[in-house]
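Values quoted throughout were computed directly from the atomic coordinates according to the rules given, and no laboratory measurement underlies them. Note that this is a predicted model, so its numbers are computed, not measured. Cβ sites come from the backbone with ideal geometry, for glycine too, and all protein chains shown count toward neighbours.
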Amino acid sequence: MKIFLDTADLDEIRRAADAGLIDGITTNPSLIAKVAGDRDPKEIYLEICEIVDGPVSLEVVGVDRETMVTEGRKLAAIHENAVVKVPLTEDGLKACRDLVSEGFKVNVTLCFSVSQALLAAKAGATYVSPFVGRIDDISGEGMDLIHQIRQVYDNYGYETEILAASIRHPVHVVEAMQIGADCCTIPPKVLWQLSKHPLTDRGLESFLADWEKLGAEI
Ligand code: G3P
């Protein structure tokens, strides 16, 4: 499963890229608003693309087909790794088809149902982003959606990749892997939580204490 980092925070992106742990980045307008300050978001997008050698999703903010396509072309021109992110609306699906026909990669975001995911695949999306955590937030079962989309895409051989998004904790990541999501986009905090285990800490502590007694060097 591909791991994307769900952030526009350059320090966090450098940290994860330096560890060689991530395959790409996803951003959205809320994530860029958290870090941009006075900077032009497009500059930050370019920096992200230069740090990470993999797909970087950059989201349009227009709501009609024509504006989305115009913005999509501009975002795609920032870097060859840019993936245009469009919302799962009627206009977003049309813009997806237009942009894909022009040779761009498209991530259709804000997916909350299997029927929406079906249309994203029909529109030729490279990725579809079902928002697991936000479904859990309203007492639904976000992972059921990943499961259902996997089943439908496999039934009909759709090549759109399932990009599990709105990930809140490590169990979401493990379940997405078990179900067979193609990618999972993870906030930095959750990425590092994946590496933690109390028995690892305890084991390391006792190994180091025992070695210390030897008074030796490697
Ligand atoms: O990138 C979109 C998605 O991952 C947003 O997550 O936590 O705002 O629901 P969240």
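Couple of notes before you dig in:
- In segment 1-16, the count of residues that are assigned to a loop (DSSP other than H, G, I, E, B) and loosely packed, with under 15 Cβ neighbours inside 10 Å is zero.
- Selection from segment 161-205 of residues that are β-branched (V, I, T), farther than 22 Å from R15 by Cβ and assigned to a strand (DSSP E or B): I162
- Any hit, segment 99-107, residues being of a type in the set (A, V, I, L, M) and not in a strand (DSSP E or B): yes
- Residue in segment 152-160 that is under 21 Å from G24 (Cα atoms) and within 21 Å of the chain's Cα centre (by Cα) present: yes
- Any hit, segment 114-122, residues being crowded, with 17+ Cβ neighbours inside 10 Å, in contact (Cβ under 8 Å) with a residue 12 or more places away in the chain and on the phi > 0 side of the Ramachandran plot: no
- Residues of segment 27-57 that are under 17 Å from K74 (Cα atoms) and β-branched (V, I, T): T27, I32, I44, I48, V56.
- Inter-residue pairs, beta-carbon under 8 Å, first over 16 Å from C183 (Cα atoms) and of a type outside the set (V, I, T) and in segment 14-30, second more than 16 Å from the ligand (Cβ to nearest atom) and part of a helix (DSSP H, G or I), 6+ apart: R14/I51; A17/I51
- Subset of segment 17-34 that is closer than 18 Å to I167 by Cα and in a loop (DSSP other than H, G, I, E, B) - its residue that is nearest to the ligand (Cβ to nearest atom): N28
- Pick from segment 35-54, criterion assigned to a loop (DSSP other than H, G, I, E, B) and among the acidic types (D, E), ranking: farthest from the ligand (Cβ to nearest atom): D38
- Residue list for segment 55-81, filter: crowded, with 17+ Cβ neighbours inside 10 Å and within 16 Å of the ligand (Cβ to nearest atom): P55, V56, S57, L58, E59, V60, L75
- From the options I186, I149, residue that is in contact (Cβ under 8 Å) with a residue 40 or more places away in the chain, crowded, with 20+ Cβ neighbours inside 10 Å and within 19 Å of K2 (Cβ to Cβ): I186
- Unique residue being assigned to a strand (DSSP E or B) and not hydrophobic (A, V, I, L, M, F, W, C) when the list is S129, S139, S115: S129
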